[in-house]
Amino acid sequence: MIDRLVDAVDERTGRSRLVRKALRYVFPDHWSFLLGEIALYSFVVLVATGIYLALFFEPSLTRHAYQGSYTPLQGREVSEAYRSTLDLSFHVKAGLLMRQTHHWAALVFIAAILCHLLRILLTGAFRRPREPNHLIGGAMLSLAILEGFAGYSLPDDLLSGMGLAIAYSVALSVPVVGERLGPLLWSGEYPGSGVIESRLYLLHVLIIPLILAGLIAIHLMMIALLKHTQFAGPGRTERNVVGTRLWPGYALRSLGLMAVVAGVLLLLGGLVQINPVWQYGPYDVAAASNGVQPDWYMGWLIGALRLMPAVEPTVLGVTVPNPFFGGVLFPAVAFGVLFAWPFLDRMVSRDRSPHHLLERPRDAPVRTAAVLGFATWVIVPFLAGASDRIFVSFDVGYELQVTVMRVAWVVAPAVVFLIALRVCRRLRSSGERPLRGWDGTVLERSESGGFRPRAGRE
Amino acid sequence: MLRRSLAALVSVALLAAASAATVHAAGQADIDRGRTLFAERCSSCHGADAMGVQHQGPSLIGVGALAADFELSTGRMPLAAPNLQPIRSDPSFSGADIRRLVAYIASLGGPAIPSVDPSRGSMLEGRDLFALQCAGCHQISGAGGVVTGATVPALDQATPTQIAEAVRLGPYLMPRFGPEQLDQHQLDSIALYVTQTTRHPDDAGGLPLGHLGPIPEGMVAWLVAMGALLVVARMTGERAS
Amino acid sequence: MTRPRAPLEPEDPRQEVTGDPARELVSAVLLVAAAVAAAGFVAAYLLSGDTQLMGLAIGAGFVLLGLALIVFAAGLAGEGRAVEERPLPEPVQPSAGEIVTAPASAITRRRLLAGAAGLAGASLGATAIVPLASLGPAPALGRSAWREGRRLVDDAGRPVKAEIMETGSFLTAFPEGASKEALGSPLIVVRIAPSMLNPPPGREDWAVDGILAFSKICTHAGCAVAMLRYPLFPDREPGPALVCPCHYSTFDVTRAGEVLFGPAGRQLPQLPLRLRADGTLEAAGPMSGPVGPAAGGVDW
């Protein structure tokens, strides 16, 4: 059947050589190469469910009295954005299913990107000639985070509305331009004329998805051009790729994974409640709820804002507002390090040659330790962002946590670095499972100079 | 005919008088029993005459049945040590003993237990009031939270009477709202909103994860979704040969 | 020692799709189950519209389909042993960069062209960015509608009478006749025991019988400062404070809203109050400072 399809394409385009070459493309088999695919298929689910949601959502802050079925709000003036979200949730069959699946997909999308990124960093896949792809990946991560924030801020509910107010303060806090940047985006001082809603909508529904789709296409093309990296193993060299061909094995596997990703997201979308905006109520500048949190992928930022000491210096006659440090400087440094990683790695390892074979984390102890230390530095603010919940659940005072975490923010990455370094070196020197799938024998040299198999190794 | 009505009237009157006397007699007995209980269990912190002990417990003169009933029925009192935050727990006294202690404290003066009827309240007004006045501490769904220096309790176990008592009293670090600021209808509405939201929340979306929002949602995304997908990925990828 | 390994599969122009019968059977069963689940979704949609039922059905359907494909693919012959060569790196040719290098005699003309090109690029780039300024005006920030004589009204628009507030109470107020939505408008009015007041010099008469008013918008990042911490008994720790639920900035109500804890860099702006003849509250002057979060680029 595939032959007939390929012939049909060839008759019409004369490109059968290209198609056959594509179908013969070999993918490495290791499961960690599927992490990027999980992200990709989450994106597919996001687009599909997103299109459905866009058919019902009204991106307007004009107010009318709510007439729907949710009793506690009946008669209250709410924006069109909020009303249309509630109507979609309660009056459109499968509307709530689609909304929740969309939201779960966003959470999983970014989680999968991070798992994929961790694999890239720990195995050295970003090394030459793949630095551009690494930069594209980093750009996609930052866009995905922005996209998610814009998306859950659309319904104009109390939870996301408070987050938007904070975002305004962060925009305002950028030195030199902050005074203009905030009102620029909101068209006036917060809350502005209301046009922020349609701007977020345009960003979320059109601009960022298009950019993401383009970057994904380039990302995949570059992988295909350079071919995948692979772990070392029998028969695997820097000059080949060993694995499974696209057709039929890998294509079926990938389609299967796509279906499973969609299935898991739909199961969550139907069974586990997420973002119940009717319970939060509509946003009101003068109201606030305790325990308000952004979605998980922004948790590092709320934590950073909470951990910063109360400094708001006036330098050379201009104020540097406090949210700048946690909301702008910290993520800028984090992303800066991320983007610079291939070049920093090159500087430290003095290795400029191209690599297509991946290293096991233990075989690059300094890199692995640095990755884990950097990850720790980003993860500590996540904990700070959840400190109030930790206080309630585990009875550790909030002020105490702030003090401890401020110290941990500096100390823990260093400690993790040192521990990881030692563990990697020990694993490496102990000779455990020297090569993937390798079943030879480890020899050691005796004092007399002869070789003998080391006891206990396969 | 007339004689029968008269007899009925007289018996009703006698019955009323008798029950009033019983109540009055019971009232006094309760107060006395309450005083004894107080001396046994409360005076170490609040003083033998409820006038307080320095650095231990405040005076209870004038706090009234309102405060006593709230603190005792929610198990906040007795407090294990003077500077702890009072926390809801199983009451240390039986319902009858609580009534007696309350009667004793009431006899020292102060506000009575407030009346409240959620069924007379309005859900819309209750929600709006709660969102503006209460949600900052208690969280919009009544799940509780944190204020600098203390935790804020969840409201899922609060009875309408306890809600009304807390609103009027302002226990521990909570502000208080008198009848001039929140009238009876507003109090009924808040009690309605709180009891409905905490007992019968609209969880059309499925498992509510404690109504705590993005933190448990993020944990589910990582532990359940990514966990399952990582298992499937391992299954799909390189097989252990 | 080494076990003999099957030779790696050479390039094959056509791949035979042969599967493992046991896996194919399992796949078939899973596919049928997926079909049943899909039918279940349709039934749930038409008959009940229950979100949980629909999600369970369609989610299970997709998972079963996916597992069917994965199981089938895992049984295909030749898995894991295909080999593809990477393209050889190109032999070293004159680098693309060398083509651009100009011969020495044409330096001045080339440089001129290069400079002009750079100028054009920068200017055209600026023309793409500059219209962004039209996205919004640059208003004066931190101002509010609160002026001397402006009456306080509650959320429903009714004037606020001082006597309705008990000690330890708070309410949210707005300037009469002004927008409730503006950042400068929301006010948090607190009544504390007058003996607890400790105002800085100049603010001794800003309170009315222990009633104080502050901007409700946190000076850190713009959330509503919606928590009042007020001890039931005097001289207890922690003392009275306004607390913001976003990042727990804590402001001292007894002393001009000074920051006690948390990341806020400035005290909460205070509004001086006075009593009108009819017992309602009005502002005795403007806010003590700019309202809301600070802006970078100015002296806030």
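Please treat every number below as a calculation from the coordinates, not as lab data. This is a predicted model, so every value here is computed, not measured. Positions of Cβ are generated from backbone atoms using ideal geometry, with glycine treated the same way; all protein chains shown enter the neighbour counts.
Peptide A:27-33 has a mean shielding of 5, counted as Cβ atoms of other protein chains within 10 Å of each residue's Cβ. With a Förster radius of 30 Å applied to the C-beta separation of B:Ser92 and B:Ser119, the computed FRET efficiency comes to 0.45. Under 20 Å Cα to Cα from A:Lys227, which lysines show up? Leave out anything in the same chain fewer than 8 places away. Here the lysines satisfying the reach criterion relative to A:Lys227 are A:Lys21.
Taking the square roots of five times each eigenvalue of the Cα gyration tensor of segment A:265-420, the equivalent ellipsoid has semi-axes of 34, 23, 18 Å, listed largest first.
For A:Ser430 and A:Leu344, a Förster radius of 35 Å and the Cβ-Cβ distance give a FRET efficiency of 0.75, rounded to the nearest 0.05. Take every DSSP beta bridge whose two residues both sit in chain A, then give the antiparallel share in percent to the nearest 5. Bridges in chain A that DSSP calls antiparallel: roughly 85 percent. In plain terms, the chain from A:Arg454 to A:Val366 could stretch by 28.9 nm, reckoned as 0.36 nm per residue minus the Cα-Cα distance. Debye-formula intensities of segment A:1-140, expressed as log10 I(q)/I(0) at q = 0.20 Å⁻¹, are -1.11 (one equal scatterer per alpha-carbon, no solvent).
The Cβ shell under 14 Å around B:Pro160 holds other residues with a net charge of -2, Lys and Arg each +1, Asp and Glu each -1. Listed by chain and number, the lysines placed with their C-alpha closer than 22 angstrom to that of C:Lys161 are C:Lys180, C:Lys216; residues fewer than eight positions away on the same chain are left out. Extending 7 Å from Cα along the Cβ direction at A:Leu118 and again at B:Ala204 yields two label points whose distance is 3.7 nm.
What separates the Cα centres of segment A:215-229 and segment B:65-93 is a distance of 65 Å. Extent of chain A along its three principal axes (Cα atoms, max minus min coordinate, largest first): 88, 64, 43 Å.
On a C-alpha basis, how far is the centre of segment C:220-239 from the centre of segment A:1-34 in Å? Whole number, if you could? Cα centroid to Cα centroid, the span is 67 Å. For the pair C:Ala39 and A:Leu255, a Förster radius of 25 Å applied to the C-beta separation gives a FRET efficiency near 0.70, rounded to the nearest 0.05. Label positions at A:Gln67 and B:Val231, each projected 7 Å from the Cα along the C-beta direction, are separated by 4.8 nm.
Across segment A:318-358, the convex hull enclosing all Cα atoms gives 95 Å³ per residue.
Taking 4.7 Å between C-beta atoms as the pairing limit, the protein assembly as shown has these partnerless cysteines: A:Cys115, A:Cys424, B:Cys42, B:Cys45, B:Cys134, B:Cys137. Applying D = kT/(6 pi eta Rh) to chain B, where Rh is the Kirkwood radius over alpha-carbon pairs, T corresponds to 4 °C and eta to 1.567 mPa s, the Stokes-Einstein value obtained is 60 µm²/s. Volume per residue for segment C:245-293 equals 95 cubic angstrom (convex hull of Cα atoms). Once divided by 2.2 N^0.38 Å, the Cα radius of gyration of segment B:187-241 becomes 1.91.
Build a GNM of chain B with springs between Cα atoms under 10 Å apart, and of B:Ile61, B:Ile190, B:Ile215 the one that fluctuates most is B:Ile215. Measuring spread by the Cα atoms of the protein assembly as shown yields a radius of gyration and Dmax of 34.4, 138 Å. Between A:Leu225 and A:Thr13, full extension at 0.36 nm per residue minus the direct alpha carbon distance yields a gain of 74.2 nm. Averaged over the residues of B:163-171, the number of partner chain Cβ atoms lying within 10 Å of the residue Cβ comes to 1.
Label sites at C:Glu85 and B:Met219, each approximated as a point 7 angstrom past Cα along Cα to Cβ, lie 5.6 nm apart. Give me the distance between the Cα centres of segment A:154-203 and segment C:160-193, rounded to whole Å. So the separation of the two Cα centres works out to 26 Å. Need one number: % antiparallel among DSSP beta bridges in the protein assembly as shown, to the nearest 5. Close to 95 percent.
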